[in-house]
1. Peptides 237-248, 155-166: what's the order by average Cβ count within 10 Å, highest mean first?
2. So for region 246-293, averaging the separation of alpha carbon pairs under 8 Å that are six or more residues apart and normalising by length, what relative contact order in percent results?
3. Which peptide among 110-120, 28-38 comes first, and what is the full order, when sorted by highest mean count of other Cβ atoms within 10 Å?
4. Could you go through region 252-261 in sequence order and give the Karplus-derived ³J(HN,Hα) for each residue, using 6.51 cos²θ - 1.76 cosθ + 1.60 with θ = phi - 60°, rounded to whole Hz, and x for Gly and Pro?
5. Would you mind checking 41/322; 44/180; 44/328; 44/256; 41/256 for any pair whose Cα atoms are more than 28 angstrom apart?
6. Could you work out the per residue convex hull volume over the alpha carbons of the chain, in cubic angstrom?
7. What's the extension gain from residue 33 to residue 240 if we count 0.36 nm per residue and subtract their Cα-Cα distance?
8. Suppose the chain between residue 325 and residue 231 were pulled fully straight at 0.36 nm per residue; how much longer would it get relative to their current alpha carbon spacing?
Amino acid sequence: MPNTKIFISTEMVDERHRNDFWFSVVSPIFEPSLIQDSGDKTCKGVIKSKMIGSLSVSSSEFNAQSCLRNKRSIIKSEIDSYIFQMYTSGSFIGDFDGKISSVQTGDICIVDPMRLLKGDATSGSTLTIVAPRDMIDREARGALHGMVLRSHDPATRMLSSFMQGLQDVSNSIKKDVTIKFEDAFTKLVSANMHETEKYAATPTSLFSSSLRERVLDYIDLNLLSSDICVEGLMRRFRVSRAQLYRVFAQDGGIAKLIRDRRLDVGYEILSNSKFSDKSIEFIALYLGFSSSSQFIRAFKTRFDCTPSVIRTESISRGASFKLHDHFKKFI
């Protein structure tokens, strides 16, 4: 099928089937549900999508909805990309795997589909770019999931203008120049990351940001370091064991959170064919587990299946999930 713009709308189906239809369309990203007391009878939505090189550029409109991306969703549809979502109207508040973020009109929110997410969106619209993970990882460091680029920041305004412009000219871009647009996008993302790092390094932000957020950022930046343990974090942030426990009580404690983060990395390794030659025991020791049996037990608790199942599914699945190809099924 030629690379034409894809158009999907819940208006395409009978009202009785709209919830099921919309669920089928967007469930690879998140599982939608209608917010109670919203006044609507069904989920409503419109998606327009276009590929520009390796970037998926789309716009969407929707009524008030809740969204959920859980462990099973991640396993079912492995999206090896980052999602950059600008809210052109409306707002969103969500729990990004333990980090609470609020997104307002004009802000750009970054979503890592390999991480957990649940939240509520008001009626609104978004402009979204889905970019390959390796492309973004070359330019950005640290935890991107739940990062919000604020509309008043100059670097964010530049990225927003680029995203809007890219959508406007998407139908006229020739294939042989798409790499230039990919390069421009990654450079703008990099500029935003540098601005975020500068802000995060200021004393004011260090004191105003919560202990939870600072600990989470430090864990994600140094996840495989031997210093990422209860004692190491107590020394780093000069807090007691009891303080750490209280802050992360909702996660089952800081030790569980660290273990879950490392298990998530293990899942990514097992899903990547580049590491198919690495044994389960090697991966377990690499992630800081004392043995393969300890790793397998913890992995099964978190993902409801064994590491071997994920590796087998990854091999049988072949190439990673392509969101734009999924949308083609509905036109």
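Each value in this text was obtained by applying a stated rule to the coordinates, not by laboratory testing. These numbers come from a predicted model, not from an experiment. Reconstructed Cβ throughout: ideal geometry from the backbone, glycine too, with neighbour counts over all protein chains shown.
1. On the way: 237-248: 14.0, 155-166: 17.1.
Output ranking for 237-248, 155-166: 155-166, 237-248.
2. Numbers: 21 pairs, mean separation 11.2, N = 48.
Once divided by the residue count of region 246-293, the mean separation gives 23 percent.
3. Numbers: 110-120: 20.5, 28-38: 16.2.
Going by the mean number of other Cβ atoms within 10 Å, highest first, we get 110-120, 28-38.
4. Karplus values, whole Hz, x for Gly and Pro: x, x, 5, 5, 5, 4, 4, 4, 5, 4.
5. On the way: 41/322 31 Å; 44/180 35 Å; 44/328 19 Å; 44/256 38 Å; 41/256 40 Å.
Those over the limit are 41/322; 44/180; 44/256; 41/256.
6. Working: hull volume 49.4 nm³, N = 331.
In the chain, the Cα convex hull volume per residue is 149 Å³.
7. Numbers: separation 207, 0.36 × 207 = 74.52 nm, distance 4.06 nm.
Additional length available on full extension: 70.5 nm.
8. Numbers: separation 94, 0.36 × 94 = 33.84 nm, distance 4.67 nm.
So the chain would gain 29.2 nm between residue 325 and residue 231.
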